[in-house]
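Novice: Can you read through this structure? Questions will come right after.
Every number here is computed from the coordinates shown, using simple stated rules; none is lab data. This is a predicted model, so every value here is computed, not measured. Here the Cβ is made from the backbone with ideal geometry for all residues, glycine too, and neighbour counts use every protein chain on show.
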Amino acid sequence: MTIHAFMLTGLGAAALALTACSPAEVDSKPETTEPQEGSPQASIPAEMVIDNPQPGAEVTSPIQLGGSVPGTWYFEGSFPLEIVTAEGEVITEHYASSQGEWMTEKPVKFESEIEFSVSQPTQATLVLREDDPSGLQDTREARVPLVLTPTP
């Protein structure tokens with residue numbers, strides 16, 4: 001065995017040993033989140049992270065919304081959102097704003113403060129939509145079930 005072959009064999013064995021000791025990769029982003037019992041199904045794309053509010057949460061106005069989406073969701077640094085009742089009635093429309101450079105395919109943090117008014121606890125869904133003003137493609141969306149409660 002030549003010294004060159006010995007070195008390659010040694011490097012290969014070292015690489016194999018390191019690979020065997022490495023933890024397995026775990027995909028920590030679920031396709032959708034699990035709803036609370038009795039609430040509508042949450043639908044959140046894997047590339048989106050919603051930090052607040054959590055699916056099924058009871059919320060009062062204003063809602064502090066935060067998370068991250070790929071920069072491709074934004075147009076001019078924002079994307080639309082709305083809150084709709086279980087019957088499909090739009091309670092409010094607003095937008096989320098990027099908190100960083102949005103002209104990228106990488107995740108970009110967003111924030112929004114959404115105001116609403118209800119007189120009694122109301123099952124509703126927060127809908128966040130990818131912004132595509134061209135209308136040339138199907139846009140992605142996230143649906144987060146909430147219970148809107150009156151402001152004291």
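Novice: Classify region 36-92 as rounded, prolate or oblate, taking a ≥ b ≥ c as the square roots of the eigenvalues of its Cα gyration tensor: rounded when a/c is under 1.5, otherwise prolate if a/b is larger than b/c and oblate if not.
Specialist: Prolate.
Novice: Please arrange Leu126, Leu65 by counting, for each residue, the other beta carbons lying within 10 Å of its beta carbon, fewest first.
Specialist: Leu65, Leu126
Novice: Now, a different point. Gln41 versus Ala57, label points 7 Å from Cα toward the beta carbon: distance in nm?
Specialist: Placing both labels 7 Å along Cα→Cβ, they lie 2.3 nm apart.
Novice: Local charge sum around Thr139 (other residues, Cβ-Cβ under 12 Å, Lys/Arg +1, Asp/Glu -1)?
Specialist: Net local charge, Thr139 excluded: -3.
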